Amino acid sequence: MNTEPTMQLPGQWSTFGVGYDWLFYFIYWLSVVLFVAVVGAALYFVVKYRRRPGVKSEPTGHYLLLEIGWTVSPLILLVMLFHWGFAGYVSLTAPPPDALDIRVRARKWSWDFEYPNGGHSQDELHVPVGRPVRLILSSEDVIHAMYIPGFRVKRDAVPGSYSTLWFEATHVGRTRYFCAEYCGAAEQPVHEADGTDRYTGHFSMNGWVNIHPVDGPAAESVSGENTWRSGWASYLENVLRAPIDPATGHEVTPAQWGELLYARNQCNTCHSVNGSAMTGPTWQHMFGQNVDLADGTHVLVDENYVRESILQPAVKVVRGFNPVMPSYQGSLTDRQLDALIAYIRTLR
Ligand code: HEC
Ligand SMILES: [Cu+2]
């Protein structure tokens, strides 16, 4: 594994690098070999069977062995390519259960990253080395896409739903990410305090992924380009701090905020968190499980299902319950929905 880029590919910064690049170069060299073979044979035949005076062409018959050969060998190759591609796709889409969750909110034209402790960073992502990290992507306006070439991952961020991607960084350092879905550009520049004009747009939606060592010096001692040198734990504690709840004066994590919203929005009049069914199903051990629906089908309780259940409760009604839950469309913000989901996740 090597963080130095090659002619064709960026450096390898995640566990996906080796397998991905192996397949890429396999396909590349396969294409080179086949190109040379096919074009070489064509040129050879052009010369060998060129028109000459006195020579008359004779139509050839079937050559069964050759025909079976050129049918079966590409078939084997394509099945192998499909197998490797599919196995890679499966490992890209299935994060390990202990992955660290970071929420990513895209908007025109910046990124907001929210860490498990509730802290935020803008336009710079901070992750620990050697730990699986899952990004939960959403968008506040149009479709954006999180693309981290060094990790070999890319995923759309779509308004109104959640998508995820995961990776495990293998080296301490920094690598770039980009928005990979054209999302427009501002018509007017932003006037900075120092008198300069700054243009924003799709092109400016990029930044650095800082890959921190797990332990290390306190964050104050390193900054700027060397931010990643700071230990992950101390950076989280000292810089990516949780917001303060004005009511209590304490720092709150998204899950703690979700718990407050659970009470404030009267979800607790119909949903328990201790396993007992009330007017609605209990939230205990709900997340990550399959739930039976009234129409006889079942569905996995994930971020998108919980979101839909809150905004459009009548779409998927849980078996054994009446569709009496009110819709919270318009009365809960995206942030509040995220916090409720974070809380429900902790009740697994
Ligand atoms: C008036 C009672 C009531 C209130 C208040 C209520 N719910 Fe529900 N909820 C239900 C019922 C009944 C169901 C099961 C039927 C269905 O799926 O619509 C349900 C289902 C759900 C589900 C799907 C549960 C599962 O097991 O699949 C979620 C998630 C949910 N509610 C979240 C919330 C949240 C969040 C709030 C507060 C913002 C809330 N509910 C407020 C009655 C309520
Ligand atoms: Cu974008």
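Does any residue of the stretch 159-177 turn out to be aliphatic (A, V, I, L, M) and under 19 Å from the mean Cα position of the chain (by Cα)? Yes, there is a match, as at least one residue in the stretch 159-177 is aliphatic (A, V, I, L, M) and under 19 Å from the mean Cα position of the chain (by Cα). As a summary of the residue check, residue 73 satisfies the conditions (1) more than 30 Å from residue 256 (Cα to Cα); (2) at pLDDT 95 or above except for the one numbered (2).
If you check every pair at least six apart or on different chains, which have Cβ atoms under 7 Å apart with a residue in the stretch 195-218 that is loosely packed, with under 13 Cβ neighbours inside 10 Å first and a residue that is of a type in the set (D, E, K, R) second? Here the result reads 198/192, each pair linking the stretch 195-218 to a residue that is of a type in the set (D, E, K, R).
Just wondering, is there one or more residues in the stretch 271-292 that are touching a Lys or Arg at 6+ places or on another chain (Cβ under 7 Å) and in a strand (DSSP E or B)? Explain how you work it out, then say what you get.
Within the stretch 271-292, the subset touching a Lys or Arg at 6+ places or on another chain (Cβ under 7 Å) is 285, 287-288, 292.
Subset that is in a strand (DSSP E or B): 292.
There is at least one residue in the stretch 271-292 that is touching a Lys or Arg at 6+ places or on another chain (Cβ under 7 Å) and in a strand (DSSP E or B).
How many residues are assigned to a helix (DSSP H, G or I), near ligand 1 (Cβ under 6 Å from one of its atoms) and over 15 Å from residue 286 (Cα atoms) if we restrict to the stretch 296-322? If you could, list the steps in order and put the result at the bottom.
Step one: of the stretch 296-322, the residues assigned to a helix (DSSP H, G or I) are 303-311.
Now narrow it down to the ones that are near ligand 1 (Cβ under 6 Å from one of its atoms): 306, 309-310.
Narrowing the set further to residues that are over 15 Å from residue 286 (Cα atoms) leaves none.
Count: 0.
Checking each residue in the stretch 323-336 for being near ligand 1 (Cβ under 9 Å from one of its atoms), polar (S, T, N, Q) and touching a Leu at 6+ places or on another chain (Cβ under 7 Å) picks out only 336.
Flag not set for residue 340, criterion: in a loop (DSSP other than H, G, I, E, B) and either near ligand 1 (Cβ under 8 Å from one of its atoms) or modelled with pLDDT under 90 (or both). I'd like to check something: does the stretch 247-263 contain any residue that is more than 16 Å from ligand 2 (Cβ to nearest atom), surrounded by fewer than 19 Cβ atoms within 10 Å (Cβ to Cβ) and within 30 Å of residue 173 (Cβ to Cβ)? Scanning the stretch 247-263 turns up at least one residue that is more than 16 Å from ligand 2 (Cβ to nearest atom), surrounded by fewer than 19 Cβ atoms within 10 Å (Cβ to Cβ) and within 30 Å of residue 173 (Cβ to Cβ).
The values are calculated or read from the model by the stated rules, or taken from the named source; none is laboratory data. Please read all numbers here as calculations on a predicted model, not as lab measurements. Using ideal geometry, Cβ is built from the backbone for each residue, glycine included, and neighbour counts are taken over all protein chains shown.
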